[in-house]
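Taken together, the values in this text are just the output of simple stated rules run on the coordinates, not laboratory data. Predicted, not measured: the structure shown is a model, and the values here were computed from it. All Cβ positions, even for glycine, are placed from backbone atoms using ideal geometry, and neighbour counts span all protein chains on display.
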Amino acid sequence: MMHRLALLLALAAFSGAGMSQGARPAFLFLGSYHMNNHNRDMFNLKASDVTSVQRQREILQVVDAVAAFQPTKIMIERDVADQAEVQAQLRQTCDGKRSESKEEYEQIGFRLACRLRVPVVAINYNDLGPIADPKKIDIGTANPKELSKVMSLGESDNTALQKLEQTESVGKILEYLNSDRKTREIASRYYLLARLKSPKDRVGANWVQYWYGRNLVIFANILENTLPGDRVLVIYGYGHGYILRGMAEESQLFDVVNTEDFLHDHL
């Protein structure tokens, strides 16, 4: 796996040289809460029904705002292996033969793709990578006292977000989640996680290593599907924002649009 990552980075460097010969791609990351209530994350928001009349009105406002970016490709949190299914679902949705699911990438991404007639690309990667043993990243085995400190912070964050979800529009929630302040706060939490240790292993550092590695492959998937002059909109869980935005900036392969400023100007 590490050899594959090294190769992907090398290819990224070459592709960057190719991109520089044309217009550098634009990059906008739209981080979202999970509207379909999968309950798969460490801390889970209970989202209200996005198919309600009010939420649908708010989501269309977000779609109208993001349309101003004029994306040429929309990249979403679906596994790469699902691309054929994504294309079929998008085609059926655009033809009026299928309604959007409650997934945020369909509520916003599919609607926008149908309006602008642009492709939707599945870029997600969710394997363990080099850390093949799930026990190596089981933070539940960490020192209980240290773990409780980290968990209490996460629960406090989630409580604040839950209150926001119950009182604000979808647009306001997304503005909050994509703010520079919130993005930095999320980043800081992973340094706390990295300090967690079990009696036998540094499970916290292993988990954060897995998390960064996962995002690195996702970013490589973004690069693989980007051409000079593209305007790439990435719709993903907001926890990925600080890494994927950072990689897009640090690689110098994209003109990165500040999400907070963009939403403030267009919502």
Sum -39500 (n - 2.57) across every DSSP H segment of at least 4 residues in the chain, then divide by the residue count to get the 222 nm mean residue ellipticity, nearest 500.
-16500 deg cm²/dmol
Under DSSP H, which helices of the chain have Cα atoms covering 15 Å or more of the helix axis and a Kyte-Doolittle average no less than -1.0?
2-20, 53-67, 83-94, 144-167, 203-224
Which whole-number value in Å³ per residue fits the convex hull of the alpha carbons of the stretch 83-189?
167 Å³
For the stretch 119-267, alpha-carbon Rg over 2.2 N^0.38 Å
1.17
Using the basic label-point model (7 angstrom from Cα toward the beta carbon), what is the L227 to H38 distance in nanometres?
2.9 nm
Enumerate the amide H contacts of G237 below 5 Å, restricted to partners 5 or more residues apart or on another chain; note that Pro and chain-start residues carry no placed amide H.
S32
Using a Förster distance of 41 Å, the FRET efficiency for Q61-K200 (Cβ separation, nearest 0.05):
0.20
Pull up the cross-link candidates among the lysines for K149, meaning alpha carbon to alpha carbon under 16 Å and not fewer than 8 places away within one chain.
K197
Rg (one decimal) and Dmax (whole number) from the Cα set of the stretch 159-241, in Å, equal 16.3, 51
Tell me the relative contact order for the chain as a rounded percent, counting alpha carbon contacts under 8 Å between residues six or more apart.
38 percent
Within the under-14-Å Cβ sphere about Q83, not counting Q83, Lys/Arg +1 and Asp/Glu -1 give a net charge of -2
Distance between modelled label sites at D157 and A187, nm, 7 Å Cα→Cβ extension:
1.3 nm
One point scatterer per Cα, no solvent, Debye formula: log10 I(q)/I(0) for the stretch 43-101 at q = 0.14 Å⁻¹ comes out as -0.58
Once both label points are put 7 Å beyond Cα along the C-beta direction, the A84-S101 separation in nm becomes 1.8 nm
Amide H of N124: which non-local residues (sequence gap of 5 or more, or other chain) have their own amide H closer than 5 Å, using H built in the peptide plane?
R78, D79, V80
Can you tell which of I137, N44, A84 lies farthest toward the positive end of the dipole of the chain, using +1 and -1 charges on the Cβ of basic and acidic side chains (Lys, Arg; Asp, Glu)?
I137
Could you tell me whether the stretch 99-138 comes out rounded, prolate or oblate from its Cα gyration tensor? Rule is a ≥ b ≥ c as square roots of the eigenvalues, rounded for a/c under 1.5, then prolate if a/b exceeds b/c, otherwise oblate.
prolate
Quick query: amide H of D255 versus all other amide H atoms, modeled in the peptide plane; which residues come in under 5 Å with a sequence gap of 5 or more or a different chain?
A26, F27
The stretch 131-182 - Debye-derived log10 I(q)/I(0), Cα point model, q = 0.17, 0.18, 0.25, 0.32 Å⁻¹:
-0.71, -0.74, -0.90, -1.17
Rounded to 0.05, the calculated FRET efficiency for the beta carbons of D138 and V53 at R₀ = 35 Å is 0.25
The stretch 100-108 - phi-based ³J(HN,Hα) in whole Hz, Karplus 6.51/-1.76/1.60, Gly and Pro as x
4, 6, 7, 4, 4, 6, 8, 4, 9
Percentage relative contact order, the stretch 188-267, counting C-alpha pairs under 8 Å, at least six apart
17 percent
